[in-house]
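Reviewing the structure listed below.
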Amino acid sequence: MVLVFLGLSLFAGFMLANQNPINADMKKVVGSPFISAAISFLIGSIFLGVLSAIMSHRVFPSGAFISSNPAWIWLGGVLGAVYLTSNVLLFPRLGAIQTVILPILGQILMGTIIDTFGWFGTAQTPLTLMRVIGLIVLIAGVVVAVVLPNVLNKDVEAMDKAIQESETKPVLLGWQIWAIFTGTLSAMQQAINGHLGALLQAPAQGSFISFFVGFILITIVALVVDKRLPKVSELKQAKSWNWLGGILGGLFVFASVLSVPKIGAGLTITMGLIGQIVGSMLVQQFGWWRSAKASVNGIQILGVVVMAVGVVFIKFFN
């Protein structure tokens, strides 16, 4: 069963890798990353609401359930909305490389802490020497798969350098710390959502609640920042696949809610990251969703293999 949930988490990451370019294309249609995200959250909420009604015959929790459980179990959607909003703000201040790598480091770090101390209702997993070795190998794989190809790309490196030179060192450090912190929020979100689904004994319902809370918050952000709703004329320009982003995001959350109680937050997050990297490589290789094509190179493949070796150390050598 462990392999089933490892594969499910990998699939979840692959879904997320495809959601990102779809939402990016929708952003071009509606002219705002926040409106695009709100649309995605709305569609995902509808999808998960229907799934919850079919699987558990209920969508919203009862008053008795709300009053008998701690307030933090409802924070998953809040943390997801903060993470999404932060990613929009980080890129123009840190550049491509740090915007990707720093949140990933935050996710890996927090996932390890959550499992080690059994936070958010997860099973406690001791921090053994093999887990530490696995984590070091995993991070090395991330660096090889994500950072190294971008460093070798002179255009990306030059753009990132220009962006970072426009900020003072204290401000830049503040954004770097925030980038790592947002990664910890993403890890906490997945652990909280997994516990909520377990408490409800209805993973689809837990996923819906998280997504619906996120929809409310990101819609408020869109209204504050953009001060408008999307125009009908804009929405008519969207391709049919532009509406799939929310469904893929919903599948990611649902798969994570299923996996966290079975294999822990750390492995769920790790396999999701591998799925995201592999999915992103395929999206770029074939130019899916109107993305710019970029051939996958041997360095990226090597990085994914190293990450997989790290997972073997973490899970199977303990």
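The values are calculated or read from the model by the stated rules, or taken from the named source; none is laboratory data. The shown structure was predicted, so the numbers you read here are calculated from the model rather than taken from an experiment. Heads up: the accessible areas ignore ligands, DNA and RNA and are worked out on the full protein's heavy atoms, side chains in. Shrake-Rupley method; radii C 1.70, N 1.55, O 1.52, S 1.80 Å.
Data overview
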quantity	calculated
Percent of alpha-carbon pairs separated by more than 18 Å within the stretch 4-125	69
Cα convex hull of the stretch 193-318 - mean projected area over all directions, nm²	10.6
Solvent-free Debye scattering, log10 I(q)/I(0), computed from the Cα coordinates of the stretch 183-235 at q = 0.18, 0.23 Å⁻¹	-0.71, -0.86
For the stretch 266-318: rounded, prolate or oblate by the Cα gyration tensor [a/c cutoff 1.5]	oblate
Ellipsoid semi-axes in whole angstrom, largest first, where each is sqrt(5λ) of the Cα gyration tensor of the stretch 124-271	29, 29, 16
Heavy-atom surface of the chain, accessible at 1.4 Å and reported per residue (Å²)	46
Mean separation of Cα contacts under 8 Å (6+ apart) over length of the chain, as relative contact order %	41
Residue 306 accessible area, 1.4 Å probe, all protein chains in place, Å² to nearest 10	40
When the convex hull of its Cα atoms is projected in every direction, mean area for the stretch 237-295 (nm²)	4.7
Residue among 18, 242, 297 with the largest mean-square fluctuation in a Gaussian network model of the chain, springs linking Cα atoms under 10 Å	297
Principal axis dimensions, largest first and in whole angstrom, of the stretch 1-76 by Cα	44, 34, 26
Over the stretch 163-255, relative contact order from alpha-carbon pairs under 8 Å, at least 6 apart, %	25
Listed residues 64, 202, 294, most fluctuating in the chain (Gaussian network, C-alpha, under 10 Å)	64
Within the accessible area of the chain (1.4 Å probe), percent carbon and sulfur	72
Lysine pair number, Cα distance threshold 16 Å (strictly under), the chain, separation 8 or more or different chains	10
Convex hull projection area averaged over all views, the stretch 48-119, Cα basis, nm²	7.1
